[in-house]
Amino acid sequence: MSEQRFTAIDLCAGVGGHALGLEQAGFDVTAVVDIDHDSCETLSHNRPHWYTIHDDLKRIEPLDHASLDHADVLSCGLPRSPYTVAGKQLATEDERDTLQAVLDMASFVRPRVLVLENIPTFVKAPKFDAERQKVRDAVEDLGYEVISAVLAATDFGVPQHRSHGFMVAMHHKDLSHFTWPEPSPDPCPTLGQTLLESMSSGGWPEAEEWAARASEPAPLIMGGATGRGGADLGASRAKAIWERWGIYGGSIGNSVPGPEFRMNREVEPRFGLPKLTVDQVALLQGFSPDWKILGRKTSAYRQISQTTPPPIAAALGRQISKALRQSSRTPS
């Protein structure tokens, strides 16, 4: 007899990183929700069998959607801007924040597991004690306990120096069987290893030389927040880090370097260094090339830059699934 399959709903799904990771961990994704039109187009294109809801989470009436009736896991990658320095760290005072709406949805869905994801400061910074207490109070009313951790992307094969903060809430019986995922024993690919095939695809003769020098995982993919200009790799400090690895971070490229392109660090970086394309950024976020991101370049970059890398979500999802199965086999 086959093992029971668990279900998942993903809120603020964006380009689908968390939902895809849960699917890879064996969950049936029954619904995904996002406010952004292009993100929903991306989700529907790649997974037409997922029930995609294009709406503001704060305005959704769950009774209008049968797929929101229940799931074993309710996950949400909360908008990052309310918790970043660039976003003034307004938290729940920021109109983009959805924390209360997520907790309200958890009260309706009553999943076995609630997963909240954001930047590490969300689970660690004293400034957000009130927000974490709000989560604890809400899940306590549902009979759950909550734990938190910060997971590093490079520990799970994502070729990027990136960390994610997670809060996981579930009933004590389930939680007693849960452990955070262990880092992969395999070495993490470097920036150069990850992008060599792509960088070579247009006939650039210096691709192998560039890849050999790009000998560490990529810097943090950032930028692209809603309401923040066009697509680039972040503020001046971030762009300077990318420049050291032979990438111009002032904009996102439309195509990979061609046979005539030559690196030249003596000229303006935008003329002498290659730019990353959206597809390359997706590879650095742990997506496979077959995951198509719809929308114009700025929209596509915004979708991919803000996501949870699927390998992290998959590793966490496997641990959650394992805990639920073990708990189900344990006598009360």
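The values are calculated or read from the model by the stated rules, or taken from the named source; none is laboratory data. Treat the numbers as computed from the prediction; the structure is a model and nothing was measured. Every residue, glycine as well, gets a Cβ built from its backbone with ideal geometry; the counts of neighbours run over all protein chains shown.
Below is a table of values for the structure above.
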| item | result |
| --- | --- |
| Ser288 vs. criteria over 12 Å from the mean Cα position of the chain (by Cα), on the phi < 0 side of the Ramachandran plot and part of a loop (DSSP other than H, G, I, E, B) | yes |
| Residue match in the range 36-43 (condition: farther than 30 Å from Arg325 by Cβ, hydrophobic (A, V, I, L, M, F, W, C) and at pLDDT 95 or above) | yes |
| Selection status of Lys292, at pLDDT 95 or above, charged (D, E, K, R) and surrounded by fewer than 17 Cβ atoms within 10 Å (Cβ to Cβ) | yes |
| Residue within the range 147-161 that is over 24 Å from Ile312 (Cβ atoms) and either surrounded by 16 or more Cβ atoms within 10 Å (Cβ to Cβ) or touching a residue at least 40 places away in the same chain (Cβ under 8 Å) (or both) present | no |
| Residue that is nearest to the chain's Cα centre (by Cα) [pool: residues in the range 1-36 that are farther than 16 Å from Val115 by Cβ and touching a residue at least 40 places away in the same chain (Cβ under 8 Å)] | Val15 |
| Whichever residue in the range 65-84 is within 19 Å of the chain's Cα centre (by Cα) and not in a strand (DSSP E or B) and, among such residues, is surrounded by the fewest Cβ atoms within 10 Å (Cβ to Cβ) | Thr84 |
| Wholly enclosed helices (runs of 4 or more DSSP H) of the range 156-216 bearing at least 2 residues farther than 30 Å from Val115 by Cβ and not polar (S, T, N, Q) | 191-200, 207-213 |
| Residues satisfying the stated conditions in the range 102-119, i.e. touching a strand residue (DSSP E or B) at 6+ places or on another chain (Cβ under 8 Å) and closer than 16 Å to Asp55 by Cα | Val102, Met105 |
| Residue match in the range 46-64 (condition: buried (at least 19 other Cβ atoms within 10 Å of the Cβ) and in a helix (DSSP H, G or I)) | no |
| Residue check for Ala218: crowded, with 22+ Cβ neighbours inside 10 Å, small (Gly, Ala, Ser) and in contact with a strand residue (DSSP E or B) (Cβ under 8 Å, 6 or more places away or on another chain) | yes |
| Selection from the range 234-274 of residues that are buried (at least 17 other Cβ atoms within 10 Å of the Cβ), assigned to a loop (DSSP other than H, G, I, E, B) and either at pLDDT 90 or above or outside the structural domain of Pro217 (by TED's automatic domain parsing) (or both) | Trp245, Gly246, Ile247, Val256, Pro257, Phe261, Leu273, Pro274 |
